[in-house]
1. Grab the Cα-Cα distance for Gln79 and Arg24, subtract it from 0.36 nm times how many residues apart they are, and report the gain in nm with one decimal.
2. Using r as the Cβ-Cβ distance of Arg107 and His198, and R0 as 45 Å, what FRET efficiency do you calculate, to the nearest 0.05?
3. Taking K and R as +1 and D and E as -1, what net charge do the other residues with C-beta under 13 Å from the C-beta of Asp152 add up to?
4. Below 8 Å between Cα atoms, with a sequence gap of 6+, how large is the relative contact order for the chain in percent?
5. Taking θ = phi - 60°, what integer Hz values does the Karplus form 6.51 cos²θ - 1.76 cosθ + 1.60 yield along the stretch 26-34, in sequence order, with x for Gly and Pro?
6. Given H placed 1.01 Å from N in the peptide plane, which residues other than close sequence neighbours of Val183 have an amide H under 5 Å from its amide H?
7. Using θ = phi - 60° and the Karplus form 6.51 cos²θ - 1.76 cosθ + 1.60, what ³J(HN,Hα) does each residue of the stretch 196-202 get, whole Hz, x for Gly and Pro?
8. Rounded to the nearest 10 degrees, what's the angle between the helix 160-175 long axis and the longest principal axis of the chain, both from Cα atoms, 0 to 90?
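Every read-out reported here was derived from the displayed coordinates using simple, explicitly stated rules and does not represent laboratory data. What you see is a predicted model, and the numbers here were worked out from it, not measured in a lab. Positions of Cβ are backbone-derived with ideal geometry, glycine not excepted, and every protein chain shown enters the neighbour counts.
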Amino acid sequence: MRTESPRHQSRLRISGVWKAYGRRQVLRGADLDVPPGTLVGVVGENGAGKSTLLRIAVGQLPPDRGTVVRTGAVGYCPQHAVLNDSFTVMQHLRLFQVAYRLPTLARAHELMELLAFADCGRQRSEELSGGTRQKLNLLLALMHDPHLLVLDEPYQGFDWDTHQRFWALADRLRDEGRSIVVVSHLLHDLRHFDAVGHLREGRLDIEELTR
Ligand SMILES: Nc1ncnc2c1ncn2[C@@H]1O[C@H](COP(=O)(O)OP(=O)(O)OP(=O)(O)O)[C@@H](O)[C@H]1O
């Protein structure tokens, strides 16, 4: 774990969260704590409830029981990109600029360079490749420089170079004091995590890792 930075008072604390869809009980008392300056992975089989947990974490879905405490601005990258097919990349940026009340798009342009799709601004999102759609999905979650990052398989379809750039960015944001949760299926990513939560039978078993 990293030292708490005074610049970022971010935190996510999930306590005793239960969630069922009809008779399908998905979460059964899940606990997760993500202090400032910490990058935590969430892993588990398909259907284990990882996306459900993250949707509850950001307040998109109410838990049946339990509590979620969030501190700081939240950046949520959903598993499936929510884009308007007829909007260009730039139109998405302007829409989110208004929503986030950002004075400029400077940070968004930096992220476009970093994620290697700076030349796609005029393309409509229906024309984008799967990997580039995902880059836009991630950018929309990060362009307001949130303190708490909740990322659901954020690099699906990324080429290897972009994948590594993503992790360099995530490592830096963690070192600057943000709280980051990432759903991952890739063993290779384990080395970036301070801890990994194994979601099994609706509960998270937390394993602390030394990086
Ligand atoms: N809106 C919904 N209505 C009913 N059932 C749902 C809903 N969303 C998810 N489920 C079910 O809840 C379970 C957990 O789904 P969830 O998407 O959270 O799992 P996951 O671990 O993220 O899976 P994956 O690794 O495949 O992305 C699955 O059985 C899924 O079918």
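1. 17.7 nm
2. Computed FRET efficiency for Arg107 and His198: 0.85.
3. +1
4. Contact order relative to length: 33 percent.
5. These are the phi-based 3J(HN,Hα) values: 9, 10, 9, x, 7, 10, 8, 10, 10 Hz.
6. Answer set, sorted by chain and number: Val42, Leu151, Asp152, Glu153.
7. 10, x, 8, 8, 9, 6, x
8. Between helix and principal axis, roughly 60 degrees.
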